[in-house]
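Participant: Got a structure for you, questions after.
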Amino acid sequence: MVSAEPAERSGDLNPAAAGDIEVPAPSAWWVLIGGVIGLLASIALTVEKVRILLDPHYVPTCNVNPVVSCGSVMMTPQASLLGFPNPLVGIAGFTVVVVTGVLAVTKVPLPQWYWTGLTLGILTGAVFVHWLIFQSLYRIGALCPYCMVVWAVTITLLAVAASIAFRPLLERRESTVLRLTFQWRWSIVTLWFTAVLLMIMVRFWNYWSTLV
């Protein structure tokens, strides 16, 4: 965080005071690391999809068992919602996140509107993720390991990006709800992971119980 006090003393506005946001190191690094993880998962999904299209008999490396099987998911209409493979959207989106992470780690200040736009973009991705979770659990009946990596990364990136974008409002204490959400953000994320895990356990319990 950058204090406005030095600018007031010198009479000059530094970049942060003019609307740019300095990102805490842990947040900057997670934007970069999370973006890289999401990008690699999206690339892996795209490669597996191409191999399936080239060879209908190809068995994806992420086919683990009847439940954890990305091949079962890739061949469904839900895997190409916009008319092309969903991972291509992930490649484009996570590339933006990676570039942003590199800028943040190297201390390049970015304006608040940029972080707000990135947060809205990730929020859109999070909505899409929840649709995919519903489809995987209750329509397709299978889980894609690489997809689940994207789910996890998207939610944690949303928490980090939102905390960065709304940091100026938090510093001005303009919203009690926003401040409480910020303080409890990782508890909320933990509850989300717990809820998804429980849904997976309940949905496929007939299979999990055979492994015990």
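The values are calculated or read from the model by the stated rules, or taken from the named source; none is laboratory data. In this text, all values refer to a predicted model and were calculated from it rather than measured experimentally. Backbone-built Cβ (ideal geometry, glycine too); neighbour counts: all protein chains shown. Just the protein is used for accessible areas: all its heavy atoms, side chains included, with ligands, DNA and RNA removed. Shrake-Rupley method; radii C 1.70, N 1.55, O 1.52, S 1.80 Å.
Participant: If we only count helices (runs of 4 or more DSSP H) wholly inside the stretch 69-162, which ones have 1 or more residues that are closer than 22 Å to F204 by Cβ and out of contact with any Ser or Thr (no Cβ under 9 Å at 6 or more places or on another chain)?
Facilitator: Values: elements: 70-74, 86-105, 112-135.
The qualifying helices (runs of 4 or more DSSP H) are 70-74, 112-135.
Participant: Could you please let me know if A159 is in contact with a Lys or Arg (Cβ under 8 Å, 6 or more places away or on another chain) and under 21 Å from E22 (Cα atoms)?
Facilitator: On the way: in contact with a Lys or Arg (Cβ under 8 Å, 6 or more places away or on another chain): yes; under 21 Å from E22 (Cα atoms): yes.
Yes: the conditions hold for A159.
Participant: Would you mind telling me which numbered condition in (1) open to solvent by 50 Å² or more (accessible area, probe 1.4 Å); (2) at pLDDT below 95; (3) among the polar types (S, T, N, Q); (4) within 17 Å of S42 (Cβ to Cβ) Q112 fails?
Facilitator: If we test Q112 against (1) open to solvent by 50 Å² or more (accessible area, probe 1.4 Å); (2) at pLDDT below 95; (3) among the polar types (S, T, N, Q); (4) within 17 Å of S42 (Cβ to Cβ), just (4) comes out false.
Participant: Of all residues in the stretch 135-155, which are free of Cβ contacts under 8 Å to residues at least 40 places away in the same chain and either crowded, with 21+ Cβ neighbours inside 10 Å or farther than 16 Å from S69 by Cβ (or both)?
Facilitator: I155
Participant: Being open to solvent by 100 Å² or more (accessible area, probe 1.4 Å) and out of contact with any helix residue (DSSP H, G or I) (no Cβ under 9 Å at 6 or more places or on another chain) is the filter here; which residues of the stretch 179-196 pass it?
Facilitator: Step one: list which residues in the stretch 179-196 are open to solvent by 100 Å² or more (accessible area, probe 1.4 Å), which gives 183-184, 186, 191.
Once the filter is applied, which keeps residues that are open to solvent by 100 Å² or more (accessible area, probe 1.4 Å) and out of contact with any helix residue (DSSP H, G or I) (no Cβ under 9 Å at 6 or more places or on another chain), the stretch 179-196 yields Q183, W184, L191.
Participant: Separate question: Search the stretch 20-78 for residues being of a type outside the set (A, V, I, L, M, F, W, C), farther than 15 Å from Y146 by Cβ and open to solvent by 70 Å² or more (accessible area, probe 1.4 Å), and hand back the single one that is nearest to the chain's Cα centre (by Cα).
Facilitator: P26
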